[in-house]
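The structure under discussion appears below in the form of structure tokens.
What follows draws every value from the coordinates through simple rules; no lab data is involved. What you are looking at is a predicted structure, and each value in this text was computed from that prediction instead of being measured. A quick note on method: Cβ atoms are made from the backbone with ideal geometry, for glycine too, and the neighbour counts reach across all protein chains shown.
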Amino acid sequence: MHAEALEFDLYNQLQDETCAQRIITAKKTLGKRAVILAHHYQRADVYQHADLTGDSLKLSYLAAQTDADYLVFCGVHFMAEVADILSSPAQIAILPDMSAGCSMADMANLAKVEHSWRELAEILEPEETITPVTYINSAADLKSFCGEHGGIVCTSSNAGKILQWSFNQREKVLFFPDQHLGRWNGYKLGLSPEEMPVWDFDEPMGGLTPEQIRKAKILLWKGYCSVHQMFQPQHIQRFREQHPDGIVISHPECNYEVCEASDYVGSTEYIINTIANAKPNTRWLVGTELNLVSRITEEFKPQGKIIQFMSPMVCMCSTMARIDPQHLAWALENLVNGNIVNQIQVPEDEAKKAKLALNRMLSVS
Ligand code: 13P
Ligand code: SF4
């Protein structure tokens with residue numbers, strides 16, 4: 001018999017240290033039945049409890065492979081949806097705080113994408129000429145749209161390969177929601193700015209002329225991550241003036257000018273691995289979220305590596321930070337008591353089509 005669900009209010013006032021102890025105890029009790037997955041941007045007081053960590057691509061593989069009953073996802077909403085879609089129907093994905101969303105993912109929604117698709121149909125045959133590509137930072141119904149329309153999902157670590165796959169299917173790509181990831185990878189494939197116009201979803205016909213649409217290879221949805229827009233090329237310039245031997249590494253959600261001025265560009269996992277494998281006593285400027293940068297600054301100090309955050313401003317993923325020790329303790333202790341709180345459950349039909357687009361990605365990666 002299940003005990004009554006524990007209310008979150010009981011946890012709100014708990015000290016972090018108390019939560020940490022209770023999380024450890026709950027994890028011990030649950031044993032292999034629960035696995036905690038955490039994205040690299042997760043705050044340290046939550047990240048320390050993770051069983052599995054990674055970037056979005058790695059976490060997708062891990063979610064598909066684990067056989068735990070409960071996948072407690074310390075990340076944002078779309079990540080927990082992917083865990084639900086890729087795990088077996090009996091497994092349960094949990095997001096400890098339902099308000100942990102991704103503001104960039106929210107910049108595209110199904111109504112707007114379908115509207116854009118209909119507008120494009122006035123000029124071309126989208127089903128024959130356009131592959132829809134959604135960044136994994138998007139709601140499940142957009143992944144489902146891509147599954148249904150011959151499209152695919154990409155992450156920050158495989159976007160180049162996914163674009164190549166997409167161009168092998170059809171001559172153009174509608175890329176949503178992150179214009180910067182699309183632009184950077186299109187640029188690396190040799191496309192010019194004219195071949196990658198921005199599709200402004202709030203304007204009729206994306207704000208483009210029929211001529212611009214016909215010439216386009218990638219239509220870039222006008223979305224962005226506000227965290228990564230805080231990094232600017234002048235931050236890199238200043239660093240290079242002060243430290244001519246320093247090395248610059250950025251996430252592809254940064255704008256084109258920042259990516260162009262960086263020595264390396266890649267996913268969160270790539271950033272960590274590149275610095276981990278670098279020579280000792282090197283100095284780095286890193287353009288991605290602060291929790292990750294703070295963690296690796298400490299981790300690589302013993303190797304004499306000096307790691308600097310790119311922006312003078314604090315740039316954190318404030319929505320991911322909503323997963324705090326209080327919410328994690330609450331979700332786990334409820335599981336111990338036999339109650340499931342904050343389950344993420346993608347409707348079956350949507351999940352089926354989204355899985356098609358995700359599986360296309362996993363087989364291309
Ligand atoms: P990664 O897949 O590189 O971890 O990126 C996810 C993300 O949301 C970056 O802002
Ligand atoms: Fe979304 Fe930006 Fe947070 Fe990544 S850092 S999860 S893109 S809001």
For this session: Go through region 33-45 residue by residue and turn each phi into a ³J(HN,Hα) via Karplus (6.51, -1.76, 1.60, θ = phi - 60°); whole Hz please, and just put x for glycine and proline.
Result: 5, 10, 10, 9, 9, 9, 6, 4, 7, 5, 4, 4, 6
Problem set entry | Long-range Cα-Cα pairs in the chain (distance over 30 Å), rounded percent | 41 percent
For this session: Choose one answer from N277, N337, N185: the residue with the largest mean-square fluctuation in a GNM of the chain with alpha-carbon springs under 10 Å.
Result: N277
Exercise. Given H placed on each backbone N at 1.01 Å, which residues far from G54 in sequence or on other chains put an amide H within less than 5 Å of it?
Worked result: A38, H40
Exercise. Rounded if a/c is under 1.5, else prolate if a/b is larger than b/c, else oblate: which is region 97-251, with a ≥ b ≥ c the root eigenvalues of its Cα gyration tensor?
Worked result: prolate
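Shape of region 176-242 from its Cα gyration tensor (a ≥ b ≥ c, root eigenvalues): rounded if a/c is under 1.5, otherwise prolate when a/b > b/c, or oblate? Please list the in-between numbers first.
Numbers: a/c = 2.92, a/b = 1.85, b/c = 1.58.
Cα axes put region 176-242 in the prolate bin.
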Problem set entry | Geometric extent, Cα atoms of region 1-144 - Rg, Dmax (angstrom) | 18.7, 61
For this session: Figure the gain on full extension for Q164 and E148 (residue separation times 0.36 nm, minus the Cα-Cα span) and round it to one decimal in nm.
Result: 3.8 nm
Exercise. Taking the simple approach of a point 7 Å from Cα along Cα-to-Cβ for both E241 and S99, what is their distance in nm?
Worked result: 4.2 nm
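Kindly give the semi-axes, whole Å and largest first, of the ellipsoid equivalent to region 213-277, taking each as the square root of 5 times a Cα gyration tensor eigenvalue.
Working: eigenvalues 129, 46, 25 Å².
Equivalent-ellipsoid dimensions as semi-axes: 25, 15, 11 Å.
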Problem set entry | Proximal charge balance of I344 [Cβ under 11 Å; K/R count +1, D/E count -1] | -2
Exercise. Can you give me the relative contact order of region 211-365 as a percent, contacts being Cα pairs under 8 Å and 6 or more apart?
Worked result: 18 percent
Exercise. How many angstrom lie between the C-alpha centres of region 158-235 and region 89-149?
Worked result: 15 Å
Exercise. Using modelled backbone amide H atoms (1.01 Å from N, in-plane), which distant-in-sequence or interchain residues come within less than 5 Å of I92's amide H?
Worked result: Y70, L71
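Give me the mean projected area, in nm² to one decimal, of the convex hull enclosing the Cα positions of region 262-365.
10.4 nm²
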